1. So is Val55 away from ligand 2 (no atom under 14 Å from the Cβ) and not charged (D, E, K, R) or not?
2. Among all residue pairs at least 6 apart or on different chains, which show Cβ distances below 8 Å where the first residue, located in the stretch 13-27, is among the basic types (Lys, Arg) and the second is part of a helix (DSSP H, G or I)?
3. Out of the residues in the stretch 271-286 meeting the condition of being at pLDDT 95 or above and touching a strand residue (DSSP E or B) at 6+ places or on another chain (Cβ under 7 Å), tell me which one is nearest to ligand 1 (Cβ to nearest atom).
4. Of everything in the stretch 29-72 that's under 12 Å from the mean Cα position of the chain (by Cα) and away from ligand 1 (no atom under 11 Å from the Cβ), which residue is farthest from Tyr139 (Cα to Cα)?
5. With more than 25 Å from Pro208 (Cα to Cα), touching a residue at least 60 places away in the same chain (Cβ under 8 Å), among the β-branched types (Val, Ile, Thr) and away from ligand 2 (no atom under 16 Å from the Cβ) as the only criterion, which of Ile140, Ile106, Ile97, Ile122 stands out?
6. Return the residues of the stretch 163-182 that are among the small types (Gly, Ala, Ser) and either free of Cβ contacts under 8 Å to residues at least 40 places away in the same chain or within 13 Å of ligand 1 (Cβ to nearest atom) (or both); say none if nothing qualifies.
7. Looking at the stretch 1-17, which of its residues are within 13 Å of ligand 2 (Cβ to nearest atom) and touching a Ser or Thr at 6+ places or on another chain (Cβ under 8 Å)?
8. Quick check on this structure: which one of Asp249, Asp243, Asp269 is among the acidic types (Asp, Glu), closer than 29 Å to Val55 by Cα and buried (at least 17 other Cβ atoms within 10 Å of the Cβ)?
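The values are calculated or read from the model by the stated rules, or taken from the named source; none is laboratory data. Being a predicted model, the structure only gives us computed values, none of them experimental. Because the Cβ atoms are built from the backbone with ideal geometry, glycine has one as well, and the counts that use them run over all protein chains shown.
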Amino acid sequence: MADSTNRAATFLDKGGTGKTTSAAHLGVALADEGEDVLLVDLAGKQGDLAKHFGVWDDVQQQIDNDDDWPNISTVFAEEWNQIASKLGDAAVESLIIETEEGIDLIPAHPGLDSLDADLGNIDDARERYSRLEQFLDEYIDGRYDTVLIDLPGLTNNVSYNGLWATRNVIAPVEMGPFESEQAAALERDLEKIADRFNVDVELAMVLPNKVDTRTNLASEYLNGFGEEYTDAIAPAHIPVSQDIRNAADEGQTVFALEEPSTTAERARDAFLHNATELQRRLGDVQ
Ligand SMILES: Nc1ncnc2c1ncn2[C@@H]1O[C@H](COP(=O)(O)OP(=O)(O)O)[C@@H](O)[C@H]1O
Ligand SMILES: [Mg+2]
């Protein structure tokens, strides 16, 4: 059991770059290294992380049976503290699903749909952005070694809660011109938070994903990112691998594949390497 809990969020103001994939694979890699890991899905009601671990049907069934309280959207509500303190550990435990790949998960919920607007109704900005932090501080810290939060691919009140609570961003980037702009925009966003609220959010890892080094352009971008983000760049890039996509469709990470392809093995090694480095970086900045 953890003395202190490290936190990080996968975030980039863009869809499809590998936020969910990275949260899932870094989580399993950390668990393989012996850590207790919790993943939290704030990325939207479609439940991508639960699908990634093959448990979405169960979640869906609970929702259909009206057996879906509490859920991830409830922990943001003003009443949460009152109710949870009455119910004790049971309230938190009923949020969490155990998966077959060794990580625990708080899945997404349809309530996430209106969460951004609900948070927008809170007048005080600090209160509006710190609800998730309050929940993690109070109910999750000490239960896990690492908490990874998967955020929406856009800047809103929900993603601000994730950044605020974790103070550490993992930004998966594809090798293209838009991603370098997005990464620069992310840095500006983090600076804005620091200026306005005196909350330092670190760019813990810029993680090149879907890299195809057979093309010169990809290699050029890879070098470019390495030079631009000397401290934050991940030690290993993630190759483009059809196995990653196929495994996800089957509700697995590539760590669960019995006959991984060469690219899937490379992806595994890269995620393991990056997980070790992430551990070190999160430990350092806490
Ligand atoms: N390294 C990779 N190789 C091949 N496909 C990938 C890789 N990383 C992610 N994908 C696929 O790309 C799509 C988008 O990834 P996802 O993690 O869902 O992005 P995001 O969460 O940022 O929107 C998914 O279908 C996923 O399986
Ligand atoms: Mg996603």
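1. Against the criterion (away from ligand 2 (no atom under 14 Å from the Cβ) and not charged (D, E, K, R)), Val55 qualifies.
2. Lys14/Phe178; Lys14/Glu179; Lys14/Gln182
3. Narrowing the stretch 271-286 to residues at pLDDT 95 or above: 271-282.
Filter once more, keeping what is touching a strand residue (DSSP E or B) at 6+ places or on another chain (Cβ under 7 Å): 274, 278, 281-282.
Values: Asn274: 12, Leu278: 17, Arg281: 21, Leu282: 21 Å.
The selected residue is Asn274.
4. Leu42
5. Residue meeting the stated conditions: Ile140.
6. If the condition is that a residue be among the small types (Gly, Ala, Ser) and either free of Cβ contacts under 8 Å to residues at least 40 places away in the same chain or within 13 Å of ligand 1 (Cβ to nearest atom) (or both), then Ala171 is the only one that fits.
7. Within the stretch 1-17, the first condition is being within 13 Å of ligand 2 (Cβ to nearest atom), and the residues that meet it are 9-17.
Answer for the stretch 1-17, where residues must be within 13 Å of ligand 2 (Cβ to nearest atom) and touching a Ser or Thr at 6+ places or on another chain (Cβ under 8 Å): Ala9, Thr10, Phe11, Asp13.
8. It is Asp243.
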